[in-house]
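Here is the structure we will look at.
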Amino acid sequence: MISPRGSQLFLITPFTLQLTDAKSFQSNCTLPATNVNIMYGGNVRGTFDILWSCIFTLLICTWTVQHLNIPEQDSSTTRRKGVLANVKSNWIPIKWMLSTLVMPELIAAKAFQDWHMSRKSYREMQLFAAQDKVEWTLIHSYYANIGGFVLKLPPKSNTASNSKSDNGSSGPDHPSVPPIENSLRVATDSSIFNTYDSGGKIAFYALKRYFCAFKEKPDIEGERCEEPTLSPLDSDPELELKLHINADQLRALRSIQFIPNIPAISSKEIGDKNKSDVFLKGTALIQLIWLLTQVIIRSIKGLPISHLEVAVLAFAGSTIFTYAFSWSKPQGVNNPTYVKPPAKTVIDNVVLATLHTQLVPLSGYTGTRVSSVFLDGPPNINLLHPIPNDAEYDIRPRFFNWTSRFTYYFMGLTISAVLFGIIHCLAWNFHYPSLLEKILWRICSVWITLWTPIYMLNFVAYGRLKRLPGALKVAQMVEILLFLGYVCARFCLFVLVFRGLFYLETATFKSTLDGIIPHIQ
């Protein structure tokens, strides 16, 4: 029996400020007169049943989908610094969880990129793995690309003194340097050097340092050659350098014989470092199955679905997309594996210049290039810091002699964005409190579906018309408007979702199989 009861309600909880008047109903279920073996719940569900179950599904999906890179190692010497470092390490996953709530396409695009990059690294490392007789799987490639290997270089003062005691000299005349220099000339002509820089800007400056150091050319394209003193690699001689490298940088170091062998770490050892919570992921999958099943059954029976359920279903689609490309990726790894060069390797400015030339073009970029593709792009990753979680790499699909204009990152962003928007479009003909809200929902759903494809068309059009005066400014303006429109559309959908929750049709409260399908409410 349902009895009416007037009360004051706010958008989410009745215990907040009394800002809106709304009618509420309390459902009363009759208990059986005699003992029974099985008793099912009522055939109705409340507003807050929908709200809390959807919010729990949303939070657990956005939390378990995070596969973050290895963070900076805590070297705190005081308790205060240790506490601050602990707060920072806990804030990083929370920050990315909030970012996923705002724009789930980003984490899905990263998963798509990392999967393709790890598969590529897996194939290219097989030759060295066979030569060194070590195991190298897809998990190893993922582990390397999250910063699992750190090149630890001894202080330059130590290597210099060792060189003097062994050979009576130091610097570039040490036997360790010529092989690196010679292999550098070979690597410069190979595909290793320019793998991730089709534009050649980063490669030019790296090559400039190389030619200045070894070819003794006075200048390059009107720029004076400087001494190969690198910043920040050229540091205090007493400082032990730690370079955070990915799988391709590890392969480059092995190819120039700076490290004699690929690190021998087994999949089991990486699994021991992996802190992926099977229970949490299993719970998230159960919630996703429950939500999807409920939406399907309600559609078959012709029962209304709430806008919040559609929005969470869109996040579920993004979560499944991310799971599909991150299932083998280690999660929650906090400590890397250190890799060292041979004990007698001299570490001086020439060696650092060589490492800089080899590694920087493979380091990727910090920050997405989506919003700066018409500019110079964001800076390269600093090798002295852990690989950032927003690292993007200029790897593109290649078919025979054709290379895509767009990176795997942007392709993943486009696919996930279109999927996210299409699911919102499922509520095209739902019940809305007003005609204006229906129109707003439709416009916003179409916008978040098409903004990335339009961006692609804008990019292609600029490539063909860039010689026309003002073409760059027009393309940049379109890019800015597309992103601002996305932000406004997401905010508008957020408001409409929670406003619509309190204007549901009566049939929306009729339950389906809530008591049979396992889920958390």
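Numerical summary
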{"item": "Selection from the range 443-458 of residues that are surrounded by fewer than 18 Cβ atoms within 10 Å (Cβ to Cβ) and either aromatic (F, W, Y) or under 14 Å from V478 (Cα atoms) (or both)", "result": "L450, P453, I454, M456, L457"}
{"item": "Neighbours by Cβ (under 6 Å, 6+ apart or cross-chain): first from the range 413-433, more than 14 Å from A314 (Cα to Cα); second open to solvent by 10 Å² or more (accessible area, probe 1.4 Å) and not in a helix (DSSP H, G or I)", "result": "H431/E505; P433/Y503"}
{"item": "Filter result for G367 (at positive phi, surrounded by fewer than 17 Cβ atoms within 10 Å (Cβ to Cβ) and modelled with pLDDT of 75 or more)", "result": "no"}
{"item": "Helices (runs of 4 or more DSSP H) fully within the range 241-304 counting 1 or more residues that are among the polar types (S, T, N, Q) and crowded, with 21+ Cβ neighbours inside 10 Å", "result": "247-255, 278-301"}
{"item": "Residue in the range 399-406 that is open to solvent by 20 Å² or more (accessible area, probe 1.4 Å) and within 22 Å of the chain's Cα centre (by Cα) present", "result": "yes"}
{"item": "Considering residues of the range 464-514 that are in a helix (DSSP H, G or I) and hydroxyl-bearing (S, T, Y) only, the residue farthest from V44 (Cα to Cα)", "result": "Y486"}
{"item": "Residue pairs meeting the criteria (Cβ under 8 Å; at least 6 apart or on separate chains; first touching a residue at least 40 places away in the same chain (Cβ under 8 Å), in the range 471-490; second aliphatic (A, V, I, L, M) and open to solvent by 90 Å² or more (accessible area, probe 1.4 Å))", "result": "A489/I443; R490/V102"}
{"item": "Selection status of L504, aliphatic (A, V, I, L, M) and open to solvent by 40 Å² or more (accessible area, probe 1.4 Å)", "result": "no"}
{"item": "Residue that is nearest to the chain's Cα centre (by Cα), among those in the range 125-154 that are surrounded by fewer than 18 Cβ atoms within 10 Å (Cβ to Cβ) and within 22 Å of S326 (Cα to Cα)", "result": "L138"}
{"item": "Pairs, first more than 26 Å from R298 (Cβ to Cβ) and in a helix (DSSP H, G or I) in the range 50-76, second modelled with pLDDT of 90 or more and open to solvent by less than 40 Å² (accessible area, probe 1.4 Å), C-beta under 8 Å, six or more apart", "result": "W63/M97"}
{"item": "Selection within the range 262-278 - hydrophobic (A, V, I, L, M, F, W, C) and in contact (Cβ under 8 Å) with a residue 40 or more places away in the chain", "result": "I262, A264, I265, I270"}
{"item": "Filtered residues of the range 427-486 (kept if among the acidic types (D, E) and at pLDDT 90 or above)", "result": "E437"}
{"item": "Selection from the range 486-495 of residues that are closer than 24 Å to A461 by Cβ and open to solvent by 20 Å² or more (accessible area, probe 1.4 Å)", "result": "V487, C488"}
{"item": "Near pairs, Cβ below 6 angstrom, 6+ apart or cross-chain, from the range 306-323 (under 22 Å from D114 (Cβ atoms)) to any residue that is of a type in the set (S, T, N, Q) and part of a helix (DSSP H, G or I)", "result": "S318/S416; F321/S416"}
{"item": "Lone unmet requirement of (1) modelled with pLDDT of 90 or more; (2) farther than 26 Å from N382 by Cα for M125", "result": "(2)"}
{"item": "Unique residue being without any contact (Cβ under 8 Å) to a residue 24 or more places away in the chain, part of a helix (DSSP H, G or I) and under 30 Å from V312 (Cβ atoms) when the list is N90, N86", "result": "N90"}
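Table: residues versus (1) over 16 Å from T293 (Cα atoms); (2) buried (at least 22 other Cβ atoms within 10 Å of the Cβ).
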residue: V312; (1), (2): no, yes
residue: G317; (1), (2): no, no
residue: F321; (1), (2): yes, yes
residue: S326; (1), (2): yes, yes
residue: Q331; (1), (2): yes, no
residue: Y338; (1), (2): yes, no
residue: K344; (1), (2): yes, no
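The values are calculated or read from the model by the stated rules, or taken from the named source; none is laboratory data. Keep in mind the model is a prediction, meaning the values are calculated, not measured. Please note: Cβ atoms are built from the backbone with ideal geometry, for glycine as well, and neighbour counts cover all protein chains shown. Each accessible area value is taken on the protein alone, full model and side chains, heavy atoms only, with ligands, DNA and RNA left out. Shrake-Rupley method; radii C 1.70, N 1.55, O 1.52, S 1.80 Å.
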